[in-house]
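Quick notes on the structure that follows.
Each value in this text was obtained by applying a stated rule to the coordinates, not by laboratory testing. Everything numeric here is computed off the predicted structure, so don't read it as measured data. Cβ placement follows ideal geometry from the backbone for every residue including glycine, while neighbour counts extend to all protein chains displayed.
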Amino acid sequence: MKAVRFIPAIAWFVISAVLFCLPGSLIPSQSWFYEHIPQMDKIVHVTIFTLLGITLAYPVKKSSVSHRNRVKWFLFVAIMGILYGTAVEFVQRAWIANRSFDVYDIAADTIGCLLAFIFNMIAFTERA
């Protein structure tokens with residue numbers, strides 16, 4: 001795998017980390033999206049973690065990594081994503097102003113990781 005293919009994943013990780021560490025006062029709560037789309041924040045979490053999982057898996061698409069090792073990599077990415085999402089909630093509770101721990105955010109993050117895993121298994125593995 002070429003390291004350069006991980007640049008989108010690294011960039012997306014940095015963007016997500018910055019967004020997750022913003023103080024609550026800087027996050028718009030009265031925007032059109034939040035008023036008209038129920039649970040918009042959970043949709044955002046699912047989207048962030050789905051894209052993170054896909055961008056971390058994409059580099060194996062163009063590589064010679066075996067099917068078995070691809071599956072292991074996709075599973076590793078999903079587990080690390082879930083742990084990252086859980087850690088973010090603890091960080092928000094402890095150190096980020098006006099942010100709190102939300103178990104439903106962890107659930108949304110987990111759903112995003114599972115969606116990415118399923119997508120990766122379908123899109124980035126060869127069929128016999």
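How high is the FRET efficiency between Phe33 and Asn98 when r is their beta carbon distance and R₀ equals 25 Å, given to the nearest 0.05? Calculated transfer efficiency: 0.85. Between region 1-61 and region 71-128, the C-alpha centres lie 11 angstrom from each other.
Couplings 3J(HN,Hα) for region 100-112, derived from phi with the Karplus relation 6.51 cos²θ - 1.76 cosθ + 1.60 (θ = phi - 60°), are 9, 6, 9, 5, 6, 5, 4, 4, 5, 4, 5, 4, x Hz, where x marks Gly and Pro. Helix 7-20 and the longest principal axis of the Cα set of the chain meet at an angle near 20°.
Simple spin-label estimate for Ile111 and Leu19 gives 1.6 nm between the two label positions (7 Å along the Cα-to-Cβ direction from each Cα). For the chain, the longest principal axis of the alpha carbon atoms and the long axis of helix 40-57 meet at an angle near 30°. Our Cα-only numbers for region 11-77 put the radius of gyration and Dmax at 16.2, 48 Å. Annotation for Met1 and Met121: the two label points, set 7 Å from Cα along the Cα-Cβ direction, are 1.8 nm apart. Counting 0.36 nm for each residue step from Leu83 to Val44 and taking away their Cα separation leaves a gain of 12.3 nm.
Near the amide H of Phe124, within less than 5 Å, lie no amide hydrogens of residues on another chain or at least 5 residues away, with H placed in the peptide plane.
At q = 0.17 Å⁻¹, what log₁₀ I(q)/I(0) does the chain have when each alpha carbon counts as one equal point scatterer in the Debye sum? Normalising to I(0) and taking log10 leaves -0.88.
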